[in-house]
Amino acid sequence: IDFDLILENVKDLNALAGEGLSEIEHTPRGARLRQPQSLPLTLYQDGIVMGEGPFRAYEEPSTQQYLQDIMDGYFPSELQPHYPNGI
């Protein structure tokens, strides 16, 4: 696992998803600025944790696919149904 590549690509993907930019959210009484939703990713020596989800070992096929998507420069495919514009 190329951790440097993962970190570099996560940074690039965050920029594409609008990290640090505010969005206008319309409310019944007007509007307000809202930060885009984020999903923390914690990398460990033997696995990952996404948000407040369970620990996922690197040996698990779904974890391998998740990281391969990131290393290929794409948002993880498993997140696309829930976050079509990236996260």
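The values are calculated or read from the model by the stated rules, or taken from the named source; none is laboratory data. Nothing here was measured: the structure is a model prediction, and the numbers come from that model. In this analysis, Cβ positions are derived from the backbone assuming ideal geometry, glycine residues included, and neighbour counts consider all displayed protein chains. For accessibility, only protein heavy atoms count, side chains too; no ligands or nucleic acids. Shrake-Rupley method; radii C 1.70, N 1.55, O 1.52, S 1.80 Å.
Can you tell which of TYR74, TYR66 is surrounded by 11 or more Cβ atoms within 10 Å (Cβ to Cβ), in a loop (DSSP other than H, G, I, E, B) and either out of contact with any Gly (no Cβ under 6 Å at 6 or more places or on another chain) or at pLDDT 95 or above (or both)?
Details: TYR66 fails: in a loop (DSSP other than H, G, I, E, B).
After applying the criteria, what remains is TYR74.
Take the residues of the stretch 28-70 that are of a type in the set (A, V, I, L, M) and in contact (Cβ under 8 Å) with a residue 40 or more places away in the chain: which is farthest from LEU5 (Cα to Cα)? In this case the residue turns out to be LEU39. Scanning the stretch 1-31 for residues that are modelled with pLDDT under 85, open to solvent by 100 Å² or more (accessible area, probe 1.4 Å) and over 12 Å from the mean Cα position of the chain (by Cα) turns up ILE1, LEU21, ILE24.
Mind checking which residues of the stretch 38-63 are assigned to a helix (DSSP H, G or I) and of a type outside the set (Ser, Thr, Tyr)? Selection gives PRO61 alone.
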